[in-house]
């Protein structure tokens, strides 16, 4: 944890999504400065999609504390589903909470931010990368989060003459939240960074400090805990034999997908798992037809996944697994991996 400097004392922060996860950690970090200076918190139950509720909460905060100095747009909805698996109700939820909610909350607070001596808006949203891989597996979610990032970029330019700083903050690796816990099947705490790291980063940014090299070298000497010392690749033939022994017409019926594994590291190669025809097959080489999901990973991670030590969702969120194609199809492999665990 980075030590508090007390520089948020006397400032009013309006934070959305502060009941848990990253938002809660940021709120607690800021509260330490505020409360030590005699300040207080005002919890509000607000649906950021509802304009009347947002305006009421903003006005209540201004009435109680005299203004607003910092806005943190953290409230977010998530569904990592491909286009055909995303119903419009879920699409609307993500866009209304993420993009519209960020725009609405910022808009409601800006008149008061203009009166602050040191105003700041911070959105918890990703860099605007146009690489197709960020869209292909969860387009609806990416659109909604990019909307938050575009709010940051647009408002930074629009309100620069009003001295309102607007930034976006996004983690390089998975952060332990309720969403990550759901995606990783309860293993999120063991494989993710704590939300405190985001609170530290937000604290520095809200204090107008942004120097990645300095940030890495001071309080977080081990900046990327997902990187481990190199080790010899485990015997993948054991895994391949177990997979072949587990193939069946029933497994094909339940899966109906073709997987391509691009294995890197000590034993590089391409393998194809056909769970779409007959009793299934596993062969080395490229597929004769396009794979539904292409998984790229190091040999050690491949071994750990198929031996039940590492879940696909966990590997994906940690950056150990790259998935091209249908993300939901890729996650179906988890059942196969679970059945192999007892045979290794």
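Among the candidates 75, 108, 140, 168, the residue that is part of a loop (DSSP other than H, G, I, E, B) and touching a helix residue (DSSP H, G or I) at 6+ places or on another chain (Cβ under 6 Å) is uniquely 75. For region 291-303, which residues satisfy the criterion of being surrounded by fewer than 21 Cβ atoms within 10 Å (Cβ to Cβ) and assigned to a strand (DSSP E or B)? Result: 294, 296, 298.
Taken over region 232-244, the criterion of being touching a residue at least 12 places away in the same chain (Cβ under 8 Å) and under 10 Å from residue 282 (Cα atoms) is satisfied by 240, 243, 244. Is at least one residue of region 53-62 in a loop (DSSP other than H, G, I, E, B) and either over 16 Å from the mean Cα position of the chain (by Cα) or over 20 Å from residue 166 (Cβ atoms) (or both)? No; the residues of region 53-62 include none that is in a loop (DSSP other than H, G, I, E, B) and either over 16 Å from the mean Cα position of the chain (by Cα) or over 20 Å from residue 166 (Cβ atoms) (or both). Screening 258, 263 for residues that are in contact with a helix residue (DSSP H, G or I) (Cβ under 6 Å, 6 or more places away or on another chain), touching a residue at least 12 places away in the same chain (Cβ under 8 Å) and in a strand (DSSP E or B) leaves exactly one candidate, 263. Residues in region 320-341 include at least one that is touching a strand residue (DSSP E or B) at 6+ places or on another chain (Cβ under 6 Å) and either in the same structural domain as residue 79 (by TED's automatic domain parsing) or part of a helix (DSSP H, G or I) (or both). Residues being outside any helix (DSSP H, G or I), under 23 Å from residue 94 (Cα atoms) and at pLDDT below 65 are represented in region 193-206 by at least one member. Reported count of residues in region 114-134, each being under 26 Å from residue 327 (Cα atoms), in a loop (DSSP other than H, G, I, E, B) and touching a helix residue (DSSP H, G or I) at 6+ places or on another chain (Cβ under 6 Å), is 3. Among the residues in region 302-313, are any touching a strand residue (DSSP E or B) at 6+ places or on another chain (Cβ under 8 Å), modelled with pLDDT of 85 or more, farther than 25 Å from residue 132 by Cβ and not assigned by TED's automatic domain parsing to the domain that holds residue 83? No, every residue in region 302-313 fails to be touching a strand residue (DSSP E or B) at 6+ places or on another chain (Cβ under 8 Å), modelled with pLDDT of 85 or more, farther than 25 Å from residue 132 by Cβ and not assigned by TED's automatic domain parsing to the domain that holds residue 83. Of 82, 111, all but one fail to be at pLDDT 90 or above and surrounded by 15 or more Cβ atoms within 10 Å (Cβ to Cβ); the exception is 82.
Total residues in region 254-290 satisfying the condition of being more than 26 Å from the chain's Cα centre (by Cα) and either within 18 Å of residue 321 (Cβ to Cβ) or surrounded by 14 or more Cβ atoms within 10 Å (Cβ to Cβ) (or both): the figure is 20. Going by the conditions given, is residue 20 outside the structural domain of residue 332 (by TED's automatic domain parsing), within 30 Å of residue 135 (Cα to Cα) and at pLDDT below 90? Against the criterion (outside the structural domain of residue 332 (by TED's automatic domain parsing), within 30 Å of residue 135 (Cα to Cα) and at pLDDT below 90), residue 20 qualifies.
The values are calculated or read from the model by the stated rules, or taken from the named source; none is laboratory data. The structure displayed is predicted, hence computed values, not measured ones. Don't worry about glycine lacking a Cβ; one is built from the backbone with ideal geometry, like all the others, and counts go over all protein chains shown.
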